[in-house]
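Following: one structure in structure tokens, then a few remarks.
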Amino acid sequence: MNNRAVVLSIGNLNLDIYVKTDVIPRPDESVDAYEAYMGGGGSAANFAVAVARLGIKSRFLGSVGNDQLGEMLIRELESEGVDTRFIKRLSHERTGTVIVIVGLDGSKRMIRYAGANLGLTPDDITKDVIDGVSHVHVALGRTEIIEAAKRIAKPMGLSISVDGGTPLARKGLDVIKDVVDGVDVWFMNSFEARELGHSDNVVKAAENIVSRVRVRELIITLGPRGALLFRDGEVKYSDAFKVSPVDTTGAGDTFAAAYIVATLLDLDPMDKLVFANAVASLKVARKGARSSPRMREVLDFLESLGYTKLVREIRDRLSNAMEKLI
Ligand code: RIB
């Protein structure tokens with residue numbers, strides 16, 4: 001692996017406010033929550049933190065309000081070692097905020113106020129932002145941002161991944177096929193795959209998608225059932241690790257981050273899935289979107305489950321600088 005690999009993540013930075021409950025109140029009704037907590041969120045920012053915790057240099061591009069909340073969220077990213085120099089501060093918008101309703105089974109429902117996140121424009125993805133970067137991840141469903149990232153990153157020989165979530169999937173394949181064409185890794189969940197691939201069968205849906213779009217790898221995350229990889233006309237599957245789910249918020253972001261780190265480590269496709277499932281499973285057992293594990297914890301976890309060869313391979317491929325971290 002390139003010692004100086006830097007991963008750039010583009011997209012949202014939010015404050016997440018969580019309540020844990022088993023009832024959704026009706027109008028005029030109030031219910032008690034079992035727990036309330038808050039922390040930094042936003043898919044792209046969660047991805048950036050997860051990358052940094054796995055020991056890879058991480059940069060984030062997004063937009064916040066020029067307010068205390070924005071400053072606090074930027075400082076939080078800095079404390080994780082994420083490069084925040086290019087984050088925009090908008091004086092006329094408030095920092096994005098999300099209410100996350102977490103079920104007792106760890107499931108999540110979110111109510112989003114996008115606010116300043118919408119102030120990010122294609123022109124913000126400049127050569128300076130990309131300078132020194134090896135991989136670009138766009139965690140946004142905004143086609144103009146994905147296109148701009150591709151336009152700048154591809155001619156520079158950088159790899160690019162996209163996790164556009166439901167907003168991208170809802171646009172339909174006819175609209176987005178040219179937008180994601182040529183992307184290296186495209187992440188989606190099974191709901192989004194079914195929407196885009198027009199089939200209730202996830203494998204069939206994925207086959208429909210890859211027959212119309214040229215992406216090197218299509219990853220479909222299946223929650224507690226692991227993940228599927230479609231690549232070179234083949235399907236690979238790896239189950240999730242069994243943990244007691246506490247909060248699934250950010251699990252997809254964490255999975256994507258781990259998969260890209262594993263790609264930078266040049267692991268083989270099946271090992272990339274196993275590694276990403278392990279990292280995501282560890283996150284699901286903890287509260288909040290930013291509770292992804294550090295590399296050392298992941299390796300200990302895999303080792304405890306008998307993945308000795310994979311752990312040895314990861315250790316071998318880590319740079320000297322990273323070895324100090326684990
Ligand atoms: O993917 C999880 C994230 O989605 C949360 O952190 C929340 O901020 C929303 O953007």
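No lab work stands behind these numbers, since they all come straight from the coordinates. Owing to the predicted nature of the structure, the values given are computational and were not obtained by experimental measurement. Methodologically, a virtual Cβ is constructed for each residue, glycine included, from the backbone with ideal geometry; neighbour enumeration extends over all protein chains shown.
Could you tell me what percent of the DSSP beta bridges with both partners in the stretch 109-228 are antiparallel, to the nearest 5?
If I count the DSSP bridges inside the stretch 109-228, around 15 percent turn out antiparallel.
Please express the Cα-Cα pair-distance distribution P(r) of the chain as a list of whole percents, one per 20 Å bin, running from 0 to the bin with the greatest distance.
All Cα pairs considered, the percentages come to 33, 61, 6.
What does the charge dipole of the stretch 223-326 about its Cα centre add up to, to the nearest 20 debye, if the Cβ of each Lys and Arg holds +1 and the Cβ of each Asp and Glu holds -1?
Magnitude of the dipole: close to 360 debye.
For the chain, with a Gaussian network of springs between Cα atoms less than 10 Å apart, report the residue from Asn14, Asn46, Asn66 with the top mean-square fluctuation.
Fluctuation is largest for Asn66.
Per the Kirkwood definition applied to all pairs of different Cα atoms, how many angstroms is the hydrodynamic radius of the stretch 1-121? Present the calculation step by step, with values, prior to reporting the outcome.
Values: mean 1/r = 0.0652 Å⁻¹.
Mean inverse Cα-Cα distance, inverted, gives 15.3 Å.
Which of Lys108/Lys177; Lys204/Lys236; Lys150/Lys236; Lys127/Lys150; Lys108/Lys204; Lys236/Lys272 have a Cα-Cα distance over 18 Å?
The answer is Lys108/Lys177; Lys150/Lys236; Lys108/Lys204.
Per DSSP helix of 4 or more residues, -39500 (n - 2.57); summed, then divided by the residues of the chain. What does that give at 222 nm, rounded to the nearest 500?
Roughly -11000 deg cm²/dmol at 222 nm, from the helical runs in the chain.
Per 10 Å bin, what is the whole-percent P(r) computed from every C-alpha pair distance within the stretch 109-194?
Histogram of Cα-Cα distances, whole percents per bin: 16, 49, 30, 5.
Restricting attention to the stretch 210-248, which trypsin sites (Lys or Arg not before Pro) occupy a DSSP loop and are surrounded by at most 11 other Cβ atoms within 10 Å?
Arg214, Lys242
What is the distance, in nm, between label points placed 7 Å from the Cα along the Cα-to-Cβ direction at Tyr113 and at Asp181?
In this crude spin-label approximation the distance works out to 4.0 nm.
Within the stretch 255-281, name every residue whose backbone N is under 20 Å away from a label modeled 7 Å from Cα of Arg216 along the Cβ vector.
Residues 255-277 qualify, since their backbone N sits under 20 Å from the label point.
So for the stretch 93-250, Kirkwood radius off the Cα pairs, Stokes-Einstein at 10 °C and 1.306 mPa s: how many µm² s⁻¹?
Approximately 94 µm²/s, per Stokes-Einstein.
Restricting the count to DSSP beta bridges whose residues both fall in the chain, what percent are antiparallel, rounded to a multiple of 5? The partial results should precede the final answer.
Numbers: 23 of 56 bridges.
Roughly 40 percent of the beta bridges in the chain run antiparallel, per DSSP.
Taking 22 Å as R0, compute the FRET efficiency from the Cβ-Cβ separation of Asp105 and Ser304 and round it to 0.05.
My answer for the efficiency is 0.35.
Using a simple spin-label model with points 7 Å from Cα along the Cα→Cβ vector, what separation in nm is obtained for Phe191 and Asp131?
So the two model labels end up 4.1 nm from each other.
Which order do the peptides 245-254, 161-170, 196-205 come out in when sorted by mean C-beta neighbours inside 10 angstrom, highest first?
Packing proxy ranking, top to bottom: 245-254, 161-170, 196-205.
Between Leu173 and Met270, what is the label-point separation in nm under the 7 Å Cα-to-beta-carbon projection?
2.8
Can you give the relative contact order of the stretch 27-142 as a percent, counting alpha carbon pairs under 8 Å and 6+ residues apart? Don't skip to the end; give the middle numbers.
Details: 137 pairs, mean separation 27.2, N = 116.
RCO, the stretch 27-142: 23 percent.
If Lys and Arg each add +1 and Asp and Glu each add -1, what is the summed charge of the other residues whose beta carbon sits under 15 Å from the beta carbon of Ala169?
+1
Charges only on Cβ, +1 for Lys and Arg, -1 for Asp and Glu: so what's the dipole of the chain about the Cα centre, in debye to the nearest 20? Walk me through the numbers before you get to the answer.
Numbers: 43 positive and 44 negative charges, 81 e Å.
The calculated dipole for the chain is roughly 400 debye.
How big is the dipole moment of the stretch 1-94 about its Cα centre under a simple scheme where the beta carbon of each Lys and Arg is +1, that of each Asp and Glu is -1, and everything else is neutral? Debye, nearest 20, please.
Roughly 720 debye for the stretch 1-94.
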